[in-house]
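The values are calculated or read from the model by the stated rules, or taken from the named source; none is laboratory data. For clarity, every value in this text was computed on a predicted model and none was experimentally measured. Note that each Cβ is placed from the backbone with ideal geometry, even for glycine, and that neighbours are counted across all protein chains shown. Please note that ligands, DNA and RNA were not included when accessible areas were found on the heavy atoms of the full protein model with its side chains. Shrake-Rupley method; radii C 1.70, N 1.55, O 1.52, S 1.80 Å.
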Amino acid sequence: MKKIMTIIGARPQIIKAAAISRALEKLYSNEIEELIVHTGQHYDENMSAVFFEELGIPKPFAQLRIGSSSHGDQTGAMMRDLENLMLKHAPDAVIVYGDTNSTLAGSLAASKIGIPVVHIEAGLRSFNKAMPEEINRIMTDHVSTLLFSPTKQGIANLQREGFSLDLRGIATIDHPKTYHCGDIMHDNSLHFSKLAEQQSTLLEQIGCKGKPFILATVHRNTNTDDPKRLQAIFRGLLTVAQTNRLDIVLPLHPRTRKYLEQTADHAFLEQLSAEPGIHLIDPVGFLDMIALEQQASLVVTDSGGVQKEAYFFRKPCIVLREETEWVELIETGAAVLTGADEARLIAAANRFLEQPPKSFPEIFGDGTASEFICRTISEELFT
Ligand code: UD1
Ligand code: UDP
């Protein structure tokens with residue numbers, strides 16, 4: 001039996017892990033054992049535990065309970081504990097997802113003790129190193145042995161950084177192999193969309209059933225930690241809701257709630273809370289989230305995952321950033337970048353509500369990325 005150690009910690013990677021665990025169970029239940037390690041980067045019930053049960057993710061083999069702190073403190077503590085676990089359990093490969101501090105800690109710890117790293121969601125670049133995620137993803141790609149990119153642009157970015165597309169020979173950290181495989185979150189969205197439609201009662205609970213609404217999420221540090229940007233976004237959303245007589249559903253990341261309460265102008269916060277069409281709610285489970293995405297007229301977000309899910313469900317999307325690593329979304333015209341600029345946000349929302357995009361070409365694969373990844377890991381690393 002071969003052993004894969006999967007490192008997760010933040011909300012999006014817990015959700016991503018569901019796709020790979022499902023494929024491993026389907027294809028390799030007798031040959032590969034998966035040891036899921038949860039770093040504890042996210043820990044609130046609705047940021048972590050909720051996903052395990054509803055998405056059928058195996059119970060973590062180890063919980064590190066690292067929690068929140070500064071980048072160095074958090075990443076360092078994770079590395080120390082992950083290295084101990086890896087030395088003790090000697091996995092044959094380590095899987096990391098995306099670009100969080102948990103991703104960086106897992107990839108550095110494994111690569112330095114000679115365990116091959118598999119990076120899922122490799123090659124993405126925003127070309128903005130002020131984002132901690134950009135540093136995490138570049139570092140992770142460069143210590144990985146197998147790199148799986150969801151998009152063609154990701155492959156082009158890797159090539160530009162010196163990665164070869166030659167798939168001959170044995171994959172090692174010095175001879176890494178890169179694959180364009182589609183997006184495992186597309187797999188998940190297809191897999192869970194029916195269940196979400198059947199099970200989610202969130203819209204009834206918040207009194208939005210049958211009403212047109214906008215779904216919005218904000219959590220990127222550049223938006224939350226800067227009171228001017230944060231208020232510009234919420235002011236823009238309030239105007240869009242009022243002028244278009246639309247509700248807005250905002251499942252608030254704990255980081256955003258914290259900064260909004262600490263830094264926003266008091267009178268504005270009161271106006272926001274008093275507006276009946278603005279639903280500031282706690283983070284929701286994945287089934288509720290994709291039910292919201294399926295029903296929304298428009299999605300407004302700075303989340304990487306939510307941008308793509310809007311596209312999977314053929315919804316226009318306003319991206320509250322100046323750049324995105326998912327450039328294909330912008331190229332198709334289904335998404336637009338507005339930064340945290342109130343006027344640009346309002347103009348883009350009005351345009352999309354009047355004239356929603358119609359074309360959503362298949363740029364994220366056909367829903368079988370996870371199986372491709374598992375087969376490739378088995379062939380490349382275990383035979
Ligand atoms: C992290 C990732 C980001 C990812 C996001 C997904 C890094 C550097 N950032 O950002 O790439 O898009 O997760 O959601 O890894 N908090 C809670 N409860 C929790 C988790 C967080 O209250 O369960 C609060 C704490 O105040 C914490 C803050 O949120 O300090 C930020 O959490 P952290 O994990 O450091 O960064 P995120 O903003 O969540
Ligand atoms: N998500 C969720 N509940 C929420 C908000 C987001 O389940 O209240 C899901 C969302 O559907 C997507 C993932 O979390 O699959 C995205 O995570 P997040 O926005 O936290 O991080 P990012 O993708 O930007 O790294």
Across the stretch 229-236, in residue order, what do the Karplus-derived ³J(HN,Hα) couplings come to in whole Hz, using 6.51 cos²θ - 1.76 cosθ + 1.60 with θ = phi - 60° and x for Gly and Pro?
5, 4, 5, 4, 5, 5, 5, x
Select from the stretch 97-182 those GluC sites (Glu not before Pro) which occupy a DSSP coil region and have at most 14 other Cβ atoms within 10 Å, ordered by residue number.
161
Considering Cα pairs under 8 angstrom that are at least six residues apart, work out the relative contact order of the chain and quote it in whole percent.
16
Sequence order, the stretch 297-311: Karplus ³J(HN,Hα) from phi using 6.51 cos²θ - 1.76 cosθ + 1.60, θ = phi - 60°, Hz rounded, Gly and Pro as x, gives 7, 7, 10, 10, 7, 10, 7, x, x, 5, 3, 6, 5, 4, 5
Can you list the residues, at least 5 places off or on another chain, whose amide H is less than 5 Å from the amide H of residue 33, using H built in the peptide plane?
2, 3, 4
Of all the accessible heavy-atom surface of the stretch 56-195, with the other protein chains kept in place and a 1.4 Å probe, what percent is carbon and sulfur?
55
Measure out, as a whole number of angstrom, how far apart the alpha-carbon centroids of the stretch 236-299 and the stretch 15-87 sit.
29
When the Kirkwood radius is taken over all Cα pairs of the stretch 127-258, what Stokes-Einstein diffusion coefficient follows at 37 °C and 0.692 mPa s, in µm²/s?
175
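Considering only protein heavy atoms, what per residue accessible area in square angstrom results for the chain with a 1.4 angstrom probe? Walk me through the numbers before you get to the answer.
Numbers: 15920 Å² over 383 residues.
Normalised by residue count, the accessible surface of the chain is 42 Å².
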Please compute the modelled spin-label separation between residue 198 and residue 266, points set 7 Å along Cα→Cβ, answer in nm with one decimal.
5.1
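Expressed as a fraction of 2.2 N^0.38 Å, the rule-of-thumb size for a compact globular protein of N residues, what is the C-alpha radius of gyration of the chain? The partial results should precede the final answer.
Details: Rg = 20.5 Å, N = 383, 2.2 N^0.38 = 21.1 Å.
The reported ratio for this selection is 0.97.
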With all protein chains in place and a 1.4 Å probe, residue 83 shows an accessible area in Å² (nearest 10) of 70
What aspartates and glutamates does residue 358 reach when the alpha-carbon gap must be under 20 Å and sequence neighbours fewer than 8 apart in one chain are set aside?
293, 309, 328, 331, 366
Around residue 168, what is the net charge, scoring Lys/Arg as +1 and Asp/Glu as -1 over all other residues with Cβ under 13 Å from its Cβ?
-1
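Calculate the FRET efficiency for residue 152 and residue 53 from the Cβ-Cβ distance with a Förster distance of 25 Å, rounded to the nearest 0.05.
0.10
Keeping to pairs on different chains or 8 or more places apart, tell me how many lysine pairs in the stretch 73-220 have Cα atoms under 25 Å apart. Please list the in-between numbers first.
Details: 88/112; 112/129; 112/177; 129/152; 129/177; 152/177; 194/209; 194/211.
So the count works out to 8.
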Report the Rg/Rh value for the stretch 41-194, based on alpha-carbon coordinates and the Kirkwood definition of Rh.
0.97
Of the trypsin sites (Lys or Arg not before Pro) in the stretch 342-378, which ones lie in a loop per DSSP and count no more than 12 other C-beta atoms within 10 Å?
358
Can you list the trypsin sites (Lys or Arg not before Pro) in the stretch 152-236 that are in a DSSP coil and have 15 or fewer other beta carbons within 10 angstrom?
168, 209
